[in-house]
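Take a look at the structure below.
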């Protein structure tokens, strides 16, 4: 039997190397290709949805940080005039829009004096710390701990301003303002505070004449700006005008204790 099987070429027994299914590879390749194509399409939809969510939600509150640093020397000079002397601002307070990608977008600060920026607040805060350190040295009370305390006070004051403005906008029916816009508005007060602290180094009593002026100017600037923010879209601002005016007046009045507290040199 073994010899017969050997003569028959193994046909009498089970073939040792059965022929592969000619359609198996094609079916497997087609199946894996369909699965891969489906996964790619599904993943693309997820990425598109995530990108749309980022643009419509997260960027609504954070915006693009690079936008707030598109400034030049002319913008900085004009913006400081508006902050420190808002009564002399003869133009409008409305931000300029332009169509970008099929929707309206605000022009950057370098092209719009009413656009918020982070360059001036950060530079003003740095000047505030430098002037505070110099004043502590003049008074003979400079220590690293005293300068750290002044730095912490500045950060806390900036944070409280952000909370105050955010709470005001939310209470008046406008809670969707970008966070970096509010951070910028809250930091403009350091410009006047730094100048008042610098004047105090040369003449102590001059501080009590200059600081109230900058408190008034900062309050007027914030009220004008917040009015524009509130009226920039469908708000509930006009439903209760008297209440809204009281809220804005409160924002202006709060600048007096806030800026005087920030301008007080402790050591």
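Values in this text are rule-based calculations from the coordinates and carry no lab data. None of the values given here were measured: they were computed from a predicted structure. Reconstructed Cβ throughout: ideal geometry from the backbone, glycine too, with neighbour counts over all protein chains shown.
Potential lengthening of the chain between residue 213 and residue 90 amounts to 42.4 nm, from the contour at 0.36 nm per residue minus the alpha-carbon distance.
With contacts taken as Cα pairs under 8 Å and at least 6 residues apart, the range 65-263 reaches a relative contact order of 24 percent. Placing R0 at 30 angstrom, the Cβ-Cβ distance between residue 224 and residue 148 gives a FRET efficiency of 0.30 after rounding to 0.05. Each of 258, 226 was scored by other Cβ atoms within 10 Å of its Cβ. Listed from fewest to most, they are 258, 226.
Spacing of the modelled spin labels on residue 156 and residue 245, each 7 Å from Cα toward Cβ, amounts to 3.6 nm. The fewest-to-most ranking of 158, 261 by surrounding Cβ atoms within 10 Å reads 261, 158.
Exposure proxy shown here: for 117, 64, 112, the number of other Cβ atoms within 10 Å sets the order, fewest to most, as 64, 112, 117.
The rule of thumb for compact globular proteins, 2.2 N^0.38 Å, goes into the C-alpha radius of gyration of the range 65-263 1.06 times.
For residue 206 and residue 100, what is the calculated FRET efficiency with R₀ set at 41 Å and r taken between the beta-carbons, to the nearest 0.05? Approximately 0.30, to the nearest 0.05.
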